[in-house]
Amino acid sequence: MLVSATEMLNKARDGHYAVGQFNINNLEWTKAILQTAQEMNSPVILGVSAGAGKYMTGYKTVSAMVQSMIEDLKITVPVALHLDHGTYEDAQACIAAGFSSIMFDGSHYAIEENIAKTTELVALAHSKGISIEAEVGSIGGEEDGVIGAGEIADPAECKKIADLGIDFLAAGIGNIHGKYPANWKGLDFEALDKIHQATNGIPLVLHGGTGIPADMIKKAISLGVSKINVNTECQLAFAEATRKYVEAGKDLEGKGFDPRKLLAPGVEAIKATVKEKMELFGSVNKA
Ligand SMILES: [Zn+2]
């Protein structure tokens, strides 16, 4: 069932595990993630970036697809449909389209502007029972053409944003989107601990979950991270499986060109990735 992400993340914080946010790109992605969540009896967050929303023709299409799929597949685990890194306008459009959760990324604004816009969106989201994530300190790497420098968030600024009544907070701690470079210094746990201490137990969000070693993920969870975003890893798994299928010439055998056959190995690869992450994050059987 479609729910806001607040309750599932508060439970994750109290139970010392994390819920995965897996970004969706199309029907196959959505189906693979929902079926795996049901199979694992795990809560799940479907992330939609503005670019992916546009690709799927708009937020209304995404919302209708997800809500119908939950019904048709008889998905009973808690599912949140969440806008990932939204602008002020995206956030309003997703609230209107029936999303159950939004992220307003005002990290590139000066802190006062971030506070003003976040305050307004908290009131709007909460008036409709929708959860809201905000961000302090931009996450490194590239997301939809926006390059973040990988800042370490200031705990005092994190407190200011957390105090606005947001439901969970994304704070930069050296994490980046996409693949991590070979010379990456790792997560800054000292910064994470300070942010956790300063923000009164609000569930924290770790963006850029692809390629962070398992021991760092576990340590981050122990220091207050309750939501971990995974995007690139599913894309890499899908691409690799699809490439193998084509390289093996399977699309040329019989009806191997049928999209339902051509896309099947990629879908299985997404399922395996999501399953592995749910096990690592500890969300299995927490629905
Ligand atoms: Zn992100």
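At q = 0.31, 0.34 Å⁻¹, what log₁₀ I(q)/I(0) does region 239-283 have when each alpha carbon counts as one equal point scatterer in the Debye sum? Computed log10 I(q)/I(0) values: -1.02, -1.12.
Protection proxy ranking of 78-88, 233-243, by the mean of other Cβ atoms within 10 Å over each peptide's residues and highest first, is 78-88, 233-243.
Potential lengthening of the chain between residue 55 and residue 127 amounts to 23.0 nm, from the contour at 0.36 nm per residue minus the alpha-carbon distance.
Mind checking which lysines have their Cα closer than 19 Å to the Cα of residue 255? Skip sequence neighbours fewer than 8 apart in that chain. Filter leaves 244. Only helices enter the 222 nm calculation for the chain: every DSSP H run of n ≥ 4 contributes -39,500 (n - 2.57), and dividing by all residues gives -14500 deg cm²/dmol, rounded to 500.
Percentage of Cα-Cα pair distances in region 166-287 greater than 23 Å, rounded to whole percent? Looking at region 166-287, the distances longer than 23 Å represent 43 percent of pairs. Quick check on my link table: of 194/219; 31/218; 179/277, which ones sit more than 19 Å apart, alpha carbon to alpha carbon? Violating the 19 Å limit, Cα to Cα: 31/218.
A cut-off of 5 Å between modelled amide H atoms, ignoring neighbours fewer than 5 places along the same chain, links residue 106 with 135.
Cα-based values for the chain, radius of gyration first and Dmax second, are 18.3, 62 Å.
In this simple spin-label approximation, residue 71 and residue 260 carry label points 7 Å from Cα along the Cα→Cβ vector, and these lie 2.3 nm apart. Provide, for q = 0.20 Å⁻¹, the log10 of I(q)/I(0) from a solvent-free Debye sum over equal Cα point scatterers in region 62-221. Those come out to -1.30, one per q.
When Rg and the Kirkwood radius Rh are both evaluated on Cα atoms of region 8-75, their ratio Rg/Rh stands at 1.00.
All of the numbers you see were taken from the coordinates with simple rules; none came from a lab. Note that the structure is a prediction, hence the values are computed from the model and not measured. Cβ: placed from backbone, ideal geometry, glycine included. Neighbour counts: every protein chain shown.
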